[in-house]
């Protein structure tokens, strides 16, 4: 069944909205820190020796630091790169992923591993973003529109004229478009032969 209201995209324009890279970095630190805390807790619970609750920080605290640093660097660099380039595309993900992966490899203190971690992380995240960035499949892309503009346009494009809505659900039940009272009086006159005169609330 064809869509009666096909999406009509606007002509290509390049309007970039600046992003708050610092805020993104803070959010990344909170998300990464929380994920690292969970991972460290799991590691601590699986330890053969009884290291106590503080082992989350003393024994496997590096896991928390790694998760926090990777998430912070990735989200901050992604938005900072977009702001510098004034483009919101896959290249920002590539740069951010490489730096985040390199951060993960810093703990090895070996340059080949640092570059290797960065390259692998960059390839995986770039491919994921390029193919839609979602397990549900590739989203509809509009050239020249960033995510903010796309969502705003989709929200406005999905609005239906009030006349179509009224035609579908009908009048009455507190739905009183312009001219409703006149049409109501006409329907009553045709169906029951009753003539209803409008009553004015103003005292003359």
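The values are calculated or read from the model by the stated rules, or taken from the named source; none is laboratory data. Computed from a predicted model, the values in this text were never measured in an experiment. All Cβ positions, glycine included, derive from the backbone under ideal geometry; neighbour counts span all protein chains shown.
At-a-glance table
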read-out: Subset tally (residues that are assigned to a loop (DSSP other than H, G, I, E, B) and surrounded by 14 or more Cβ atoms within 10 Å (Cβ to Cβ)) for the range 18-46; value: 1
read-out: Candidate set: the range 54-110, residues that are out of contact with any helix residue (DSSP H, G or I) (no Cβ under 8 Å at 6 or more places or on another chain) and in a helix (DSSP H, G or I); chosen: the one farthest from residue 130 (Cα to Cα); value: 58
read-out: Filter result for the condition that a residue is out of contact with any helix residue (DSSP H, G or I) (no Cβ under 7 Å at 6 or more places or on another chain), assigned to a helix (DSSP H, G or I), in the same structural domain as residue 31 (by TED's automatic domain parsing) and surrounded by fewer than 15 Cβ atoms within 10 Å (Cβ to Cβ), over 127, 49; value: 127
read-out: Subset tally (residues that are within 30 Å of residue 149 (Cα to Cα) and free of Cβ contacts under 8 Å to residues at least 40 places away in the same chain) for the range 29-68; value: 1
